[in-house]
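Taking it in order: structure first as structure tokens, then the write-up.
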Amino acid sequence: MDYQQLDVLEFEIRLLEVIEAPSEPTELITFRGTTRKLNHQPEYKALSYCWGDDTKRLPIEVNDKIIYFSESLVHALYSVKAKPGDLLWADAICINQGDPVEKANQVRLMHLIYSKAEATIIWLGSEGPNTKYAHAFLENVDLVGAHKYLERLDLLGERHARPVSIGKYNTALRTTQHPVRALRGLHELLTMPYWERVWIIQEIARAHVVSVRCGSFRFDLNNLIACSVHLKDLPRRNHTLINAIEEFRRQELDAQRGGLRMTLLEALLRSRYSLATNPRDKIYAMLGLTRDGQDLVPTPTYTETVEEVFRQLSMAFIRSPHPIDSTLVSLWAPLQVSIEFTPPWAVDWADIAFNVPPWLTSNLPNRFSRVPYEEPFGRPTFIENQVGFSGRGKLLGTIAGTSEDIVNPVPVAAGIREESPWIMHHAISCRLLQRFLPNNPATSGVPLTELTMALVRLITRTVNPHVWELCANQEYMEEVSKHLGQVCIDSISVKTIANECLNRITALQVLEIEEQERREEERSLKAKKDKKARETRETKSPSERSRTGSTLPPIIKAIQKRNRREASLSSESSAKEKKSSLSPDTKSTFFRSISPAAEPHPCYVFVESSQPSPAAFQVWNDVFAALNLCPEYGLRIESVVYRSATNFILTSHDTEEGDQLYQLHCCYFPIILRPLSPGRFVVVGEACIGHDTNGHWIAARECAWAGASQSESLALAILRGDDDDDDD
């Protein structure tokens, strides 16, 4: 096809004018190429489709020439049912794919092309065996019925999708003739390759009117998206793809009313599962949907290599006021893995779908919200083999290390001589529950003392086998318990504390058994003595029994009563001294911080039943699940010390003893930094200081113990490779 050069300054685009539109797909559809200026508001329809298999081609006629295009595109053109004189836009035809300069210029106009189109036609593909049943089901779903939900209208009055209630969804299924096949049809529609294409996010979000076509059927996009929420067998990845589309649609509606669009980094994280034939398009497809995209990538280019495009964007993020967020992504998806001799801060933006952990992609609106009082980071500098930038932050503590890191651990007797091991372990339990399972209703039904004993049993691996069989995720619980046991508090491992706690409980059990045996022996001796006394009295004569049973003088009775009372008081005093020796006063800030209401009973309350109930172990199963110590992401539990107070956090396996935890300005996550010299640090990675009620990582600025810390100036460094050709 012959292409004439477009006038970029006039916002000129190519369109297809329909000359002949046959009713049968077997006949040739005819077009004439024409150009229009977007400023003149031409009336046209834009196609949104998946290019599909390029080896399967069909012919169309353009400017009196027969040209072959992909089967998917030709079918999409037929599905429009256009009339002669109608104007259509399709990227594969209307953009000269052989001219990288024109492609780059048209990419910059893509958001205008779809926003100015009178309608956008979505072509999912050919219909499947269950498409008609899904169509019948969606016709029964009335999203504007009696169910009350927030309804938002765009400028043309088109309703945006809101999740339909489960009751209405089930009612529609019951009134459908073939509900099973209808669900299969929905699954077929929502798992088509179309939804994986990254460009469709912008094409749908920017469109004012959307019509969905699949074969000979037409669907309402809002109904389709709303019902996807209840499709249980839909893969998680497809749910994420659909959710991203709807999130960008809502954003564009808000933007028309003065709302703020998301950042480019947030958009890249939201669209991480989408695919692109050209890896550059993972970035370019998001530029028109973000508030800073045009600043970070002023000119898209298809002439530079993919590696250079990714490196330049990573550099732009480091030069932005929020450099730490992209730095964290580079730790998980470094470009160095696929391309040698690239700097470690460069991100492989085409490889963030499955390598980036879930916490970096959750709670995005709060993470990228602006905090007025926080100062942005300064412009980065490059010295020798490092890139550095300066900013401000608060110290939140120092990593204490694990039992594997400590060369000379404190002996058991020396480490626990001032603390009751039971109170120490009770404090550990409270901290874990407060930080990682807040406001969980399951914890309210189990006493804290029983939860503490359950944790002791898990760490020491002394759980009753019958109870252990009832626990879910046994292997995972054993692994997490092992990690937790290695964490150190004041150079004492948690496992050491648990073992000492269990040993003392066992000793108390032995003491109680011995005490019971002693009392039983005393009762037996007394019974024998009483029996012998009765037998003696029975053998004596009446006169002897009268003399033996004579009444003692009153003065003798008073002396005996006083002696018994003094002996009783002495016994009670001895018992109190023994009890206080088992639970001495605590002196560590970590353990004194437990609220008085949560103070545990002395450890001997478990002497009679030291095996907790299955409900207690289920609570710890929930806590460990919330920790999410996935092996592929390598998180582990660490203790961090700040002003003699110890707290538990989650960090990566790269963390070492002596690393420091910081709250950095303009950064959501708490960050682990490794000191190089006074005031200079290397970024190690992010840390989790706890979960909120929604399961999200708590922001660094919401750290419970950060109030007393003062903000300080920091110089941060990211190790850089051999690339020294930067122009700074």
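When Lys and Arg each count +1 and Asp and Glu each count -1, what net charge do the other residues less than 11 Å away from E118, Cβ to Cβ, add up to? Don't skip to the answer; put the middle values down first.
Values: positive: K45, K116; negative: E43, D86.
Result for the neighbourhood of E118: 0.
Taking every pair of distinct Cα atoms and averaging 1/r, then inverting, what Kirkwood hydrodynamic radius in Å comes out for segment 166-296?
By the Kirkwood definition, the hydrodynamic radius is 16.0 Å.
Using just the alpha carbons, could you tell me how many Å³ per residue the convex hull of segment 474-530 encloses?
On the way: hull volume 4.5 nm³, N = 57.
About 79 Å³ per residue, rounded to a whole number.
Can you check how the C-alpha radius of gyration of segment 193-247 compares to 2.2 N^0.38 Å, as a plain ratio?
Details: Rg = 11.3 Å, N = 55, 2.2 N^0.38 = 10.1 Å.
Relative to the 2.2 N^0.38 Å estimate, segment 193-247 comes out at 1.12.
If you count, for each residue, the other Cβ atoms within 10 Å and average over each peptide, how do 524-532, 273-281 line up from highest to lowest?
Numbers: 524-532: 10.0, 273-281: 18.0.
Highest to lowest by the protection proxy: 273-281, 524-532.
Report the local net charge at V309: Lys and Arg +1, Asp and Glu -1, summed over other residues whose C-beta lies under 13 Å from its C-beta.
Working: positive: R280, K282, R311; negative: D281, E304, E307, E308, D348.
After counting each charged neighbour, the total is -2.
Considering the convex hull of the alpha carbon atoms of segment 281-343, report its projected area averaged over all viewing directions, in nm², one decimal.
On the way: hull surface 18.2 nm².
So the Cα hull casts an average projection of 4.5 nm².
For the pair Y476/S491, report the inter-label distance in nm, with labels modelled 7 Å from Cα in the Cβ direction.
3.7 nm
Taking 22 Å as R0, compute the FRET efficiency from the Cβ-Cβ separation of R461 and S613 and round it to 0.05.
0.75
With 27 Å as the limit, write out which pairs from K37/K83; K65/K282; K168/K282; K132/K282; K132/K232 have Cα-Cα distances beyond it, or answer none.
Working: K37/K83 22 Å; K65/K282 34 Å; K168/K282 37 Å; K132/K282 34 Å; K132/K232 20 Å.
Listed pairs above 27 Å: K65/K282; K168/K282; K132/K282.
Could you tell me whether segment 1-151 comes out rounded, prolate or oblate from its Cα gyration tensor? Rule is a ≥ b ≥ c as square roots of the eigenvalues, rounded for a/c under 1.5, then prolate if a/b exceeds b/c, otherwise oblate.
Oblate, because a/c is 1.5 or more while a/b does not exceed b/c.
Which order do R249, R534 take when ranked by solvent-accessible area (1.4 Å probe, heavy atoms of all protein chains), largest first? Before the final figure, lay out each step's value.
On the way: R249 5, R534 120 Å².
So the residues, ranked largest to smallest area, are R534, R249.
Going by accessible area, probe 1.4 Å, with all protein chains left in place, what is the ranking of S709, S491, S23, largest first? Don't jump to the answer; show the numbers that get you there.
Numbers: S709 10, S491 50, S23 95 Å².
Final ranking, largest accessible area leading: S23, S491, S709.
The values are calculated or read from the model by the stated rules, or taken from the named source; none is laboratory data. Only a predicted model underlies this, so the values are computations on that prediction, with no experimental measurement involved. For neighbour counting, all protein chains shown are included, and Cβ atoms are generated from backbone atoms with ideal geometry for every residue, glycine included. Ligands, DNA and RNA are excluded from the accessible area calculation, which covers all protein heavy atoms including side chains. Shrake-Rupley method; radii C 1.70, N 1.55, O 1.52, S 1.80 Å.
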